[in-house]
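Remarks on the structure that follows.
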Amino acid sequence: MNTLLKMPIIAHKTWHPHPLTILSTLLLLALVAGNAPLTGEDSDTQRREAIRNELAQMTAAAELSQAFHLIHELVAPSVASIHINQSLVQLDRQSGTVETLDLQLGEGSGFVVASTPEHSYLLTNAHVVLRTNRRQDFIRDDSDRPLWHSNIRVSLSDQRMVDAEPIGADTKSDLAMLRIAIGDLPPVAWGDSDAARVGDWVLALGFPLGVGYSATAGIISAKARSTGIYRREGGFEAFIQTDAAINPGNSGGPMLNLQGQVIGVNANIMTRSGGASGIGFAIPANLAHRVAEDLMKDGIISRPMIGVQMSQVDPGIAEERQLSNRQAVSIVRVMPGSPAAEAGIQRGDIILAVEGRPVAGIEQFRARIAAARIGHPLRLSVWRNGTTSDLEIIPSSWEDYTEMLGKHMPEEDDAVRWSNFGMSLSDDEQRGIMISTVDEDSPAFRAGLRPGTRILRIGGIGPVHSSQDLAHLDSRSELTLEVYHQRRILLVRLRQP
């Protein structure tokens, strides 16, 4: 049997001097050139000043280099390589023997977020350990649950290899938690990704392209960046963009600040060649930390909600109203009985900041809410009728929200009423359409539908996104609904009496 080995293409790159080296050299040359005609004491003084400036530049560079080394020394023991393998049984036709081949399907990175004497927990990207199709969509079972790869192994910094147990995954944030039967590993320290600034130095650690552990350095190029990669999943996109080299295999590794704290999880790149091109993206640590806590607890995400629908503030309106933040979001709808309604937020309000930090568009605002802790107050800066004030809002979970309102949610003026089926529909910030009220002893009630149940698809129509488009369906005698109810995907048939 002839086997074709695919050899990696190694690109030769021209060496480029470090920007700090260029800067210090130009500074020295300028000073020396400027002082060339001088003699005596003045010349010596300026020459010494030029040397001091060059040494100062060299000292700063040396300190930065030492910081990178210390971060590596501190965090490398917490970073692991994640291998996705598949066993393939193959018949050798010549010998008639059966042999088992262990094929590697993929590789990524992860890092230790918690450890006990018996076990350690590693965070990585969901797309590293969950099955995806050619379009990189997550493959799901009949209950809409994402499917894990069957053979996941973790290689630690000391070369120990161990099987990993899946704990939980969140496809909306592209994060997943693994557990290994090795304890007392050093966990990382979390930083505040909201405090990170464009221009800050960062270090990206991981296992790119199968070459082994690597560290790459760069700066934060942008924040709150959206690429559309999670749009089909309805996910959160408020990436930290960096020019630190991130390649295939880096996914799931940590991005660190100069204090050795994780401020992001390396997630994806934008490239035309398939390799690093100076545009890499990381999931903000504040969101990742929040998701990691839920996944470690019980493997399930309890998503914070405040109960609003938003739109981006029009630049013309921002100019007309002289808003201090032109990237603010406007409240289009407030769900009745929601945390936003309880806090006094109204339709038409403009959210300028969260916890004193400016809002940078809808995607960043969604990610900030998703990173919040349920039951912990958030301070929103709200513009209304020419004045700005702070409102305190306490996010709740969707489960708590529907349970609190019971079987009959307050009905809104714009809710769509299916009188013949005994139910009302409304829109919110989540996937599908929410059932807002259900009449007792109605066809909907007898079918098991309750307030808070979500309609995802309707037979003959497909996925649903707006309740206003469904008002005419009340005239039908029968409907088949795919619904999300008590964390399960169900098919429900509705019939009019």
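Any read-out appearing in this document is the output of simple, stated calculations on the displayed coordinates, not a laboratory observation. Computed from a predicted structure; not experimentally measured. Using ideal geometry, Cβ is built from the backbone for each residue, glycine included, and neighbour counts are taken over all protein chains shown.
A few comments on the model shown:
- When the Cα gyration tensor is reduced to axis lengths a ≥ b ≥ c, the ratio a/c stays below 1.5 for segment 409-495, which is therefore classed as rounded.
- Taking the three principal axes of the alpha carbon atoms in segment 304-398, the coordinate ranges are 36, 22, 20 Å, sorted in descending order.
- For segment 151-156, 3J(HN,Hα) computed residue by residue from phi via the Karplus equation (6.51, -1.76, 1.60; θ = phi - 60°) reads 10, 10, 10, 10, 10, 8 Hz, glycine and proline entered as x.
- Counting only DSSP beta bridges with both residues in segment 77-296, the antiparallel share comes to about 95 percent.
- 161, 335 arranged by Cβ crowding within 10 Å, fewest neighbours leading: 161, 335
- Extreme residue, positive dipole direction of segment 409-495, given options 472, 460, 438 (C-beta unit charges): 460
- Using a Förster distance of 41 Å, the FRET efficiency for residue 440-residue 90 (Cβ separation, nearest 0.05): 0.10
- Per-residue ellipticity at 222 nm, computed for the chain from helices alone with -39500 (n - 2.57) per DSSP H run of at least four residues, works out to -6500 deg cm²/dmol.
- Mean separation of Cα contacts under 8 Å (6+ apart) over length of segment 409-495, as relative contact order %: 26
- In this calculation the C-beta distance from residue 465 to residue 56 is compared with R0 = 56 Å, giving a FRET efficiency of 0.45.
- Rel. contact order, % - alpha carbon contacts under 8 angstrom, at least six apart, segment 304-398: 32
- Across segment 311-320, coupling constants 3J(HN,Hα) worked out from phi with the 6.51/-1.76/1.60 Karplus curve, θ = phi - 60°, read 9, 6, 5, 5, x, x, 5, 4, 5, 4 Hz, and Gly and Pro carry x.
- From the coordinates shown, semi-axes √(5λ) of the Cα gyration tensor in Å corresponds to which of [x] 38, 27, 21; [y] 59, 28, 24; [z] 48, 35, 19: [z]
- Local net charge near residue 456, Cβ-Cβ under 9 Å (Lys/Arg +1, Asp/Glu -1): +1
- Measuring nothing but how far apart in sequence close Cα pairs (under 8 Å, 6+ apart) lie, relative to its length, the chain scores a relative contact order of 9 percent.
- Residue among 221, 106, 376 farthest towards the positive dipole end of the chain, charges placed on Cβ: 106
- In this structure, residue 298 and residue 388 have a Cβ-Cβ separation that, at R0 = 35 Å, corresponds to a calculated FRET efficiency of about 0.30.
- Gain on full extension, evaluated as 0.36 nm per residue between residue 488 and residue 475 minus their Cα-Cα distance, stands at 1.9 nm.
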